[in-house]
Amino acid sequence: MIRLSIPLRQSLSRLSLPVLIAAALGVMLLGQADKGMVERGRMALADTLAPAFSVIAEPMAALRDLLGDMAEWRDIRAENARLREENDRLHRWQAAALSLQSENALLRRQLGFLPDAPASFHTARVVADAGGTYARAVLLAVPPGVGLRKGQVALDERGLAGRVTDVGSRSARVLLVTDMNSRIPVVLEGSRARAILAGTNGRLPRLEHYPADAPPRQGDRVVTSAEAGVFPAGLPVGVVRHGAGGAPEVELFARLDRLDMLRIFDFGLSGILPPEAVARPEPRPRR
Amino acid sequence: MGRRAHPLAGLMKRLDGWARAALPAGGTALAMVLATAPAGLPSAVPALLLCCLFFWTVFRPAALPPPLCFLLGLLQDLLGFAPIGTGILTALLAHGLALRLRRILARQSFWLVWMAFAGVAAGAALLGYGLHAVLGWRLPPAAPGIVQFLLSVGFYPPVAMLLTLLHRSMQRMEDLV
């Protein structure tokens with residue numbers, strides 16, 4: 001250890017704070033100039049921590065399940081009545097679906113319709129909330145050897161959840177559709193009008209850039225659009241509801257506040273936009 | 001026999017000293033990592049860092065020198081999704097401010113320290129908001145900043161209680177040595 005004289009040591013320690021503040025500003029500029037480096041640093045840290053996170057996730061999930069069970073036991077009777085009613089309703093829908101399925105098969109035979117190739121997917125466990133105060137994202141633990149790519153689509157068991165934005169060797173980060181930076185081309189199923197689903201960091205993302213002559217109506221189903229070649233058409237997203245200010249918002253099917261597993265689909269689409277271009281509406285489709 | 005035990009005892013004493021020196025920064029880093037685990041809120045990470053940083057700076061400034069503050073801020077930036085550098089700058093400025101205030105605060109009651117901490121937390125939240133607006137080149141919503149401020153202020157009493165216990169026991173050990 002180097003022995004320094006006391007006055008020198010004192011002046012060094014007095015200098016270190018301003019120097020480090022300057023270094024912090026430098027890091028900030030560096031981070032703005034080279035986003036890739038920051039991303040690599042983040043993923044390296046996430047890769048290191050992912051195994052530990054998945055170990056912690058197990059007892060945490062058990063505890064949450066226990067609490068959930070307790071809440072369920074409390075209102076099991078009301079739940080039962082609701083399920084019975086829903087089951088009746090679903091039986092009617094099942095009949096409708098079966099008849100539509102057979103009709104669809106018949107019509108496809110007549111048209112020579114080329115079906116989409118079935119998509120391959122991996123299921124990964126959500127191990128940590130990777131957002132911050134101003135971001136909505138989750139971290140997935142990915143077994144080594146599973147090849148995820150940037151831009152792949154993440155769905156939970158009900159609907160669209162987000163897109164893969166960073167990939168490490170043992171983890172991947174998924175930007176949720178509620179994040180402020182998320183812009184997703186969607187179609188309103190009722191009117192086939194196109195719109196952009198824009199995250200606000202709140203619970204409900206907004207609909208933007210819909211045609212003036214076909215405003216979204218309450219209860220319209222919203223599905224993804226194949227425009228820009230990032231998503232396949234028709235992934236379920238949510239239903240329209242009008243917010244406090246009358247602005248159309250989307251109640252998502254995916255339960256983003258309690259994600260535990262995500263399916264990461266590879267639809268073989270390559271129209272990945274660079275992150276800075278995502279904020280702008282795409283001028284014309286790439287396909 | 002007595003002579004043989006001597007170097008070993010010295011080593012133990014030195015190990016003990018290292019462990020004590022590493023505890024504040026190491027414990028803070030561990031708490032931050034645990035807060036990102038699935039149970040935690042990601043917003044809790046900056047709040048925890050701010051609480052621990054403020055406490056150690058006021059009551060044991062030698063335990064958390066500026067370079068360690070820099071590293072802890074970097075850890076916060078890498079754990080979160082915020083533009084890199086914001087956490088570092090906030091941590092360093094909070095450290096500097098607490099260091100200025102510690103002469104006055106170290107002798108005050110808990111309530112006054114808490115009030116001072118609330119002021120620092122408000123400054124940190126404002127700084128974070130401003131940096132986010134400048135670096136992202138758009139006005140972020142104000143609500144997350146307010147939530148972060150309230151989280152920091154709310155976290156302080158339990159964190160300070162725990163750290164006070166730790167600090168006292170460390171002091172007792174040092175008195176023994």
Inset, instruction - Could you name every one of the strands (runs of 3 or more DSSP E) located completely within region A:209-256 that has at least 1 residues being touching a residue at least 12 places away in the same chain (Cβ under 8 Å), among the hydrophobic types (A, V, I, L, M, F, W, C) and over 13 Å from A:Gly159 (Cβ atoms)? - result: A:236-242
Inset, instruction - Report the residue count in region B:95-133 for those that are of a type outside the set (A, V, I, L, M, F, W, C) and under 22 Å from A:Leu29 (Cβ atoms). - result: 6
Inset, instruction - Please state which of the following conditions A:Leu20 fails to meet, knowing it meets all the rest: (1) surrounded by fewer than 19 Cβ atoms within 10 Å (Cβ to Cβ); (2) facing chain B (nearest Cβ under 8 Å); (3) aliphatic (A, V, I, L, M); (4) within 17 Å of B:Leu71 (Cα to Cα). - result: (1)
Inset, instruction - Using the structure shown, decide if B:Ala25 is touching a Leu at 6+ places or on another chain (Cβ under 6 Å) and surrounded by fewer than 22 Cβ atoms within 10 Å (Cβ to Cβ). - result: yes
Inset, instruction - Looking only at region A:170-188, decide whether some residue is within 29 Å of A:Ala52 (Cα to Cα), over 15 Å from the mean Cα position of the chain (by Cα) and part of a loop (DSSP other than H, G, I, E, B). - result: yes
Inset, instruction - Among the candidates A:Leu111, A:Leu63, A:Leu67, single out the residue that is without any contact (Cβ under 8 Å) to a residue 60 or more places away in the chain and within 30 Å of A:Asp266 (Cα to Cα). - result: A:Leu111
Legend entry - Residue that is modelled with the highest pLDDT [pool: residues in region A:102-123 that are within 22 Å of A:Glu157 (Cα to Cα) and out of contact with any Lys or Arg (no Cβ under 8 Å at 6 or more places or on another chain)]: A:Ser120
Legend entry - Filtered residue count, region A:248-287, keeping only those that are at pLDDT 60 or above and in contact with a strand residue (DSSP E or B) (Cβ under 6 Å, 6 or more places away or on another chain): 16
Legend entry - Members of region B:44-57 that are modelled with pLDDT of 90 or more and aliphatic (A, V, I, L, M): B:Leu49, B:Leu50, B:Leu53
Inset, instruction - Identify the residue in region B:126-177 that is part of a loop (DSSP other than H, G, I, E, B) and without any contact (Cβ under 8 Å) to a residue 40 or more places away in the chain and, among all such residues, is nearest to B:Phe54 (Cα to Cα). - result: B:Ala142
Inset, instruction - Please work out which residue is farthest from B:Ala106 (Cα to Cα), limiting yourself to region B:41-74 and to residues that are touching a Pro at 6+ places or on another chain (Cβ under 6 Å) and buried (at least 21 other Cβ atoms within 10 Å of the Cβ). - result: B:Leu64
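Quickly run through region A:108-149 and pick out the residues that are away from every other protein chain (no Cβ under 14 Å) and touching an Asp or Glu at 6+ places or on another chain (Cβ under 6 Å).
Residue satisfying the conditions is A:Ser120 alone.
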Inset, instruction - Go through B:Leu105, B:Leu101, B:Leu112 for me and flag whichever is more than 11 Å from every other protein chain (Cβ to nearest Cβ), without any contact (Cβ under 8 Å) to a residue 24 or more places away in the chain and over 25 Å from B:Val134 (Cβ atoms). - result: B:Leu112
Inset, instruction - Kindly provide the set of residues from region B:74-94 that are within 17 Å of B:Ala118 (Cβ to Cβ) and facing another protein chain (nearest Cβ under 8 Å), ordered by number. - result: B:Leu93
Inset, instruction - Can you give me the ranges of the helices (runs of 4 or more DSSP H) entirely in region A:1-117 with at least 2 residues that are in contact with a Pro (Cβ under 6 Å, 6 or more places away or on another chain)? - result: A:6-33, A:35-74
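The values are calculated or read from the model by the stated rules, or taken from the named source; none is laboratory data. Note that the structure is a prediction, hence the values are computed from the model and not measured. Here Cβ is always computed from backbone atoms with ideal geometry, including for glycine, and neighbour counts include all displayed protein chains.
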